[in-house]
Each structure stands twice: as structure tokens, then as C-alpha cells.
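See below for the structure under consideration.
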Amino acid sequence: MLKLRNILFARDFSPSSDEALKFALRLAEASGARLHVLFAAVLNSDPFAPPERPAQPVDLLRERMTLRFTEAKATMSYDPGSIPVEHVVVRGVAAAPALLEYAQEHDVDLIVMGTHGRRGLRRFLMGSVAEEVVRCAPCPVLTVRQPHEAASDEDAESDAESLLVPVDFSDHAQLALQHAKGLSRLLKRPIELLHVVEETLHPAFYGPALKTLDAQGPEMDQRILEALQTLDEQTGPAFGTTSYLVRYGHPARDIIQVAEEGRYGLVVMGTHGLTGMERFFMGSVAEKVLRRVPCPVFTIKSFGRSLVPTTEDEQTHLTSM
């Protein structure tokens, strides 16, 4: 089980934020975490009034947020008392720093927020707030897009069938898979592991025998499938049976293509962000995937907070039972 005690949901009342609320509620209910619903009021802005109207007092904004949240939960069939919720309004010169500061100060384990990406040329862009939060957050971030078309309940259930987990056999990919396993058990969804073999570079673990093998031959496929199975076994159980998929090409392009072709409920992946100045940059693959895949994306930094219980955590949990 993932260590989820505090979930921060960034509310901006956009369609993508409404969609993200469903995930925030689902995860909070499944994990028992407290849900912090935060609106970052930028430069005296008021989400319930025309731009020219002055901002309302914080207490009034919080009261209206609570009402809107209760109404939204009712339409999603959640018991109003089933999830501990704290409504917060913070003012600042920019939304992303306000969110990040709150997450740091309140020991937040996960940030859930909508993104404002669109089709066409604008599909290559995430909302600037979401991108800054993903780059700089001290914890994992779940970003959710607005669906292009309204989906029926049956379609929504189908869309959430599997979690797509791209792996490159690095340490940060293993960490991402451990988080995916936890999400799989929480959401009761199986996992599909995807590995993309780059056309111009083969990872060292494939071995020198590759020099004599067809790069896309059955021996190559078998070796990768065995490596995926080993990684799967090393990272604990998931819900249901894990499936494996191998592609040949370019990682970002093929991850996006697989996500667009399938009906996945979530993509879970690690980023190559590092400490120091480099922590403000995502790996190019993660950045492209975040900007273009149609489904929600859960990202984990190699240097950030891990939600995977340690052996000590598990022993403490067993002792308290």
C-alpha cells in the first residue's frame, strides 16, 4: 500500500480540474488520506466573478469553495463524510509557487491537478502552472487533462482498465513501477509494462550477443520479455495479471502512440530530474509524454519523496495491527 496521508488537489474550476477531482477523490477514499482542496488566488483574482470585480475575502471564497466541492462530490456519488477534507485559499503573485509552498509546509504526499493542454498545435503545451509544479514539486504529481468528448459511465470504466508503465530498466524506472504497483492495488487495475528499444542505441544489459542478432528478431523480443518479467517479480504484486509490451523506435513517440491507441486509465513514469539546478528540468521523454498523452500521468522524481513503504514502515504497520 502506498504511503498516502495528505493529498493536495489544486482547484481552479476549469473542466480539467473537474476531471482531476474524480481522481483525487478516488485516491483519497481508497487510501484514507486527507484531501487538501486548495485554490491559489493570484493577484486578488476571484474564480466566481468577472475579472473586473474585486476579489472577495478569503473566508467567503473558502465558503463558496466548500459549497461547490460538496455539490461536485454529490454528482460523483461520494458520501460527503467519507473523506476528510480541508478547504484552503492562499493568495500569491503566482499559482505554482503558492501550491509548491503549501505542499512543502503541509507534508503533502501527492499533488493532483488538471492541465490545460488542447488539440492541434496547443496539444504540445501543458498549462504553465502544471508544468512548473511537475518540475519542482517535492512529491509525485498526477496531472489530468479534460476529456476531448464526454464519456459515458461505461466508457469511463473501460478507459480505466490498465495502468501503462513505460520502463527503461534504470533505477528511477524501478521506483516508478513500485509506485504503479501501489496504485494498481488502490485502484484495482492491472498493469501493462512497456519497453521501447531505441533504434539507434541498445541498453547495455541486452549483452554483446546483440551484435549477431537481428535487432527486432524473436531472440531479442524474448530477452526483453524475460527482463520485464524479472523486473515485475522484483517489485512486488499488482492487482491482476501484469502484461508486457515491446516496441522498437523512439521512447517518447512510441509511449505516446501506445497511450493513444489503447484505452489506459493512467500512465505512470519516472523522470530523470536530478538535484541542484538540474531539478528544474524534466527528462525529455517525460516532458513530451506529459504534454501529449490523452490520459492522466503520474510522475515520480528519482530524488523526490517516495510513497513506497520501506521495510521499517511495513513492520510498524504489522505491529500496530
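Assorted remarks:
- Taking 22 Å as the limit for the C-alpha separation, the pairs 188/301; 22/301; 22/181; 22/288; 3/188 exceed it in the case of 188/301; 22/301; 22/288.
- Approximating the spin labels as points 7 Å out from Cα along Cα→Cβ, the residue 14-to-residue 225 distance works out to 4.2 nm.
- Proximal charge balance of residue 287 [Cβ under 11 Å; K/R count +1, D/E count -1]: +3
- Residue order for 242, 310 - accessible surface, 1.4 angstrom probe, largest first: 310, 242
- Per-residue packing, averaged as other Cβ atoms within 10 Å, sorts the ranges 285-294, 85-94 into the order 285-294, 85-94, beginning with the highest.
- Model label points for residue 5 and residue 198, set 7 angstrom from Cα along the Cα-to-Cβ axis, are 3.9 nm apart.
- Computed accessible area, residue 261, all protein chains, 1.4 angstrom probe, square angstrom: 110
The values are calculated or read from the model by the stated rules, or taken from the named source; none is laboratory data. No experiment lies behind these values; they were computed from the predicted model shown. Every residue, glycine as well, gets a Cβ built from its backbone with ideal geometry; the counts of neighbours run over all protein chains shown. Accessible surface is based on the protein model in full, side chains and every heavy atom, while ligands, DNA and RNA are left aside. Shrake-Rupley method; radii C 1.70, N 1.55, O 1.52, S 1.80 Å.
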